[in-house]
Structure formats: structure tokens, C-alpha cells
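The values are calculated or read from the model by the stated rules, or taken from the named source; none is laboratory data. In this text, all values refer to a predicted model and were calculated from it rather than measured experimentally. Here the Cβ positions follow ideal geometry from the backbone for every residue, glycine too, while neighbour counts run over all protein chains shown. Each accessible area value is taken on the protein alone, full model and side chains, heavy atoms only, with ligands, DNA and RNA left out. Shrake-Rupley method; radii C 1.70, N 1.55, O 1.52, S 1.80 Å.
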Amino acid sequence: PLVVHITGARPNFPKAAPVIAALAEHPVRQLLVHTGQHYDERMSEVFFRQLGLPEPDVNLGVGSGPHGAQTAATIVGLEELFTAERPDLVVVYGDVNSTVAAALVASKMGIPLAHVEAGLRSFDMTMPEEINRLVTDRLSDLLLVTSPDAIAHLGNEGVHPDKIHLVGNPMIDTLLRHLDALDTAAVADSVGLDRTEPYLVATLHRPGNVDDPADVAELVRAVHAVADQVRVVIPLHPRGRGRLEQAGFMDHDNLLVIDPLGYVEFLGLVRGAAAVVTDSGGVQEETTVMGVPCLTLRPNTERPVTITHGTNQLITRASLPAAVADVLAAGPAEPGTTPVPPLWDGHAGPRIAAVLAASLGV
Ligand code: UD1
Ligand code: UDP
């Protein structure tokens with residue numbers, strides 16, 4: 001049988017890598033599709049190199065654009081591909097536009113659909129990802145979930161329990177596999193960071209933080225107030241870079257704004273950080289497993305398990321400077337003393353592969 005994996009944006013790659021590796025142990029043929037949603041070397045290629053992903057068999061080259069255009073281009077490309085290849089199973093990851101586009105095509109063509117990282121809910125319909133999550137889950141035949149709250153959400157939405165599988169978190173498989181390769185000192189040196197001093201890592205890319213000029217102005221004030229206290233390194237996502245630059249974001253001596261980092265470099269920096277400030281989904285999970293305090297600059301999270309079983313807390317732009325002061329005053333936790341969610345153990349990939357293979361009868 002033929003299994004087609006759909007990836008396209010940065011957070012897809014560390015989720016797909018362990019699934020593809022584990023499925024190689026089963027008697028199936030695999031095809032890896034890159035939609036081209038992300039295309040900069042630092043947003044895409046570097047992950048294929050570092051994570052040992054196979055070269056994509058197909059790159060649709062859809063690129064950037066408004067939601068409609070980007071999703072539509074992906075749909076057109078995938079419909080042609082699925083018509084030619086007739087997959088027996090399509091596997092989608094996370095909550096990006098590439099994910100929902102593939103879900104629409106597979107379900108309309110009657111091809112079984114598996115969603116890795118199903119059931120996460122922020123209950124915030126202003127987030128494009130929430131729409132993508134709801135639609136993808138509604139259309140999926142196999143829902144592979146990372147945490148028990150996701151089972152409850154899917155149950156409330158009427159998904160039959162037989163379709164839902166609690167498998168753990170494949171992104172954490174990738175993290176644990178690369179933990180020994182993370183070299184904080186080497187990255188700090190290469191980005192020009194004095195590692196004898198404490199530092200924070202920040203990532204910002206949510207439309208809710210970087211799209212509206214009024215939000216951006218408030219964000220600049222808040223981050224500058226943090227940089228008054230501690231050195232901050234920001235590997236900045238391309239989205240919003242222009243608006244942040246215009247708003248004077250880069251004009252603070254204690255703020256080191258750099259290009260997005262490769263996976264190993266980024267997590268190397270995170271591992272040595274006093275804390276992380278982020279609006280990323282995946283970074284909330286990775287900090288939880290590494291025991292690094294995470295301040296999430298969002299009104300909600302679809303990953304509450306990182307609050308109840310991890311290092312995460314939600315903050316606002318107004319509360320950010322004081323939250324950083326508190327975290328710095330508390331100092332680092334003893335290694336191994338912060339909790340980790342159940343089944344985030346490095347073995348999600350094989351569990352997912354077993355569910356997929358069983359569904360194909362192999
Ligand atoms: C997308 C996902 C978001 C995810 C994020 C991870 C959707 C709706 N959003 O957001 O859930 O958290 O990826 O990083 O799918 N750009 C480049 N180079 C690239 C890619 C993008 O310069 O390689 C710039 C372009 O100006 C583009 C903008 O970033 O318009 C946004 O890219 P897009 O893929 O639409 O959404 P993200 O904000 O990256
Ligand atoms: N990441 C990275 N380099 C960076 C920033 C993030 O490798 O400069 C990794 C991060 O460790 C995680 C993934 O990219 O594995 C998360 O992607 P992102 O924050 O773009 O998306 P989200 O998780 O918010 O959808």
C-alpha cells in the first residue's frame with residue numbers, strides 16, 4: 001500500500017520525521033510531499049538535512065499568499081497528485097494551511113486520512129490554525145492525539161472513540177533524539193552571545209502579535225522592557241519582520257535579532273536559556289520537556305497540558321516584563337524536577353506507525 005505524507009511548513013518537519021522513520025519498518029511504500037508553503041532555506045531545507053528526512057518526492061512549490069490563494073494552490077496540486085498516485089492513506093500533520101488543504105482533497109477523493117496531532121483546541125476562532133484543526137479533524141478517519149484533553153475535545157465533537165488513538169508526541173521523539181547533539185556553547189558563540197550571562201530566547205510570529213501595527217507597537221515596548229533586564233536573542237520568523245523593523249524593534253542594545261535558526265541550533269540556544277518567550281505552538285512543548293520556563297505571549301493555548309504538566313504560563317504584553325523578572329528571580333529548576341506529559345517519551349513515532357499499518361491491514 002502507498003502512504004503519502006503531507007508537509008509544508010516548519011513545524012511539520014519535526015512531527016513527520018519520526019513517523020516516516022518508524023513506518024519504514026512496515027511493508028508500505030511511502031511518498032513524501034512538500035507543498036512549498038515554507039521555502040526559505042532556514043524555514044525548510046535545514047530541517048530535512050538535520051532531521052534525516054528523505055528528500056521530498058514532490059514539491060508543489062505553492063509558496064506564500066493570502067489564505068485562499070495558498071490553500072487553493074495546494075488543493076489543486078494535491079488533487080492532481082492523488083489522482084495520479086492513488087494513495088491508500090494520506091497522513092497530515094499539525095494545523096497549517098497545507099494540512100487542511102490535504103484533508104479536503106483526500107476526504108473528497110475517498111482516500112483514508114490520518115491526522116497526527118489531532119484534537120488540540122484553543123477555542124479561539126480568530127486563529128487560522130483553529131479553523132484548520134476543526135476541519136481536518138472532522139474529515140479524518142484516524143485521529144492520533146498527543147494528550148488526553150484532545151480525546152475529550154474530539155469526544156465532545158462526536159468523533160467515534162474507535163478513531164482516536166493516544167500515541168504521545170512525535171515532535172518530542174525528534175527532540176529527544178537530538179538532545180545529545182544540542183550544543184549551547186557552540187551556537188552562543190556563533191551568534192555572538194556572551195554565555196556567561198543569562199539570556200532569554202524569544203520567537204514571535206502569530207498574526208495576533210505581529211500583524212496589527214497597534215499590537216506591534218505594544219509588543220516593541222514590552223520586549224524592550226524585558227531587554228532592559230536581560231539579554232534577549234530573537235531568531236525572527238519572516239512573518240512580521242518588516243513591521244517590527246519599522247516599529248523600531250531592533251533598536252535596543254540588549255536585543256539580538258537574528259535570522260531563523262536551524263533545528264539543532266535553535267534548541268541548543270533554548271536549552272541554555274533562563275527562559276523562553278514565545279507565541280509558537282511547538283516551542284511550548286519543547287520547553288516543557290527540557291524544563292526551561294516558557295512564557296507564552298497569547299491569550300490562550302491549544303496545548304494546556306504544557307501548563308498543567310510543564311513549564312508553560314500564559315502572559316500578556318502588559319504582564320511580560322514582570323513575568324520575566326519573576327522567572328529570573330526564581331532561577332533554574334533542578335534538572336528532572338519539572339513534570340512531563342504522559343507518553344512524551346520518544347516512542348510516539350513507532351506507536352503512530354503501528355496504528356497506520358494496522359489500518360492498512362499490513
Ligand atoms: C504558518 C502557519 C502557522 C505556523 C507557522 C510556523 C498557517 C495558516 N500558518 O504561519 O500555523 O505556526 O507557519 O512557522 O498555515 N515567509 C517567508 N519565507 C518562507 C515562508 C514564509 O518569507 O519560507 C513569509 C512570507 O512573507 C509569508 C509569511 O512569511 O507571506 C507568512 O507565511 P505563511 O506560510 O503564510 O504563514 P506563517 O505565518 O509562516
Ligand atoms: N524552530 C527552529 N528554529 C527557529 C525557531 C523555531 O528550528 O528559529 C523550531 C522549533 O524548535 C519547533 C518548530 O520550529 O521545532 C516550531 O515551529 P514554529 O514555531 O514556526 O511553528 P508552530 O509550532 O508555532 O506552529
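Conditions (1) of a type in the set (Gly, Ala, Ser); (2) in a loop (DSSP other than H, G, I, E, B); (3) at positive phi, marked per residue:
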residue	(1), (2), (3)
77	yes, no, no
80	no, no, no
84	yes, no, no
98	yes, no, no
101	yes, no, no
114	yes, no, no
118	yes, yes, no
What number of residues within the stretch 108-126 are of a type in the set (Lys, Arg) and in contact (Cβ under 8 Å) with a residue 40 or more places away in the chain?
-> 1
Go over the candidates 299, 335 one by one and state the one that is surrounded by fewer than 16 Cβ atoms within 10 Å (Cβ to Cβ), assigned to a loop (DSSP other than H, G, I, E, B) and at pLDDT 95 or above.
-> 299
Of residues in the stretch 106-122 being of a type in the set (A, V, I, L, M, F, W, C) and within 22 Å of residue 171 (Cβ to Cβ), the one surrounded by the most Cβ atoms within 10 Å (Cβ to Cβ) = 116
Out of (1) acidic (Asp, Glu); (2) open to solvent by less than 30 Å² (accessible area, probe 1.4 Å); (3) without any contact (Cβ under 8 Å) to a residue 40 or more places away in the chain, the odd one out for residue 95 is which?
-> (3)
Give me a count of the residues in the stretch 209-239 that are more than 20 Å from residue 191 (Cα to Cα) and within 12 Å of ligand 2 (Cβ to nearest atom).
-> 2
Does residue 73 qualify as being surrounded by 22 or more Cβ atoms within 10 Å (Cβ to Cβ), away from ligand 2 (no atom under 15 Å from the Cβ) and either hydrophobic (A, V, I, L, M, F, W, C) or free of Cβ contacts under 8 Å to residues at least 12 places away in the same chain (or both)?
-> no
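Let's see how each residue does on (1) in contact with a Cys (Cβ under 9 Å, 6 or more places away or on another chain); (2) surrounded by 20 or more Cβ atoms within 10 Å (Cβ to Cβ); (3) of a type in the set (A, V, I, L, M); (4) at pLDDT 95 or above:
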site: 166; (1), (2), (3), (4): no, no, yes, yes
site: 169; (1), (2), (3), (4): no, yes, no, yes
site: 194; (1), (2), (3), (4): no, no, no, no
site: 200; (1), (2), (3), (4): no, yes, yes, yes
Note on the stretch 262-296: residues closer than 21 Å to residue 222 by Cα, outside any helix (DSSP H, G or I) and near ligand 2 (Cβ under 9 Å from one of its atoms) are 278, 279, 280, 281
The stretch 276-304: number of residues that are within 12 Å of ligand 1 (Cβ to nearest atom) and within 11 Å of the chain's Cα centre (by Cα) = 6
Subset of the stretch 216-237 [in contact with a Lys or Arg (Cβ under 8 Å, 6 or more places away or on another chain) and buried (at least 18 other Cβ atoms within 10 Å of the Cβ)] | 216, 219, 222
Pairing a residue in the stretch 348-362 that is without any contact (Cβ under 8 Å) to a residue 24 or more places away in the chain with any residue that is open to solvent by less than 10 Å² (accessible area, probe 1.4 Å) and assigned to a helix (DSSP H, G or I), where Cβ atoms lie under 7 Å and the two sit 6 or more apart in sequence or on different chains, gives none
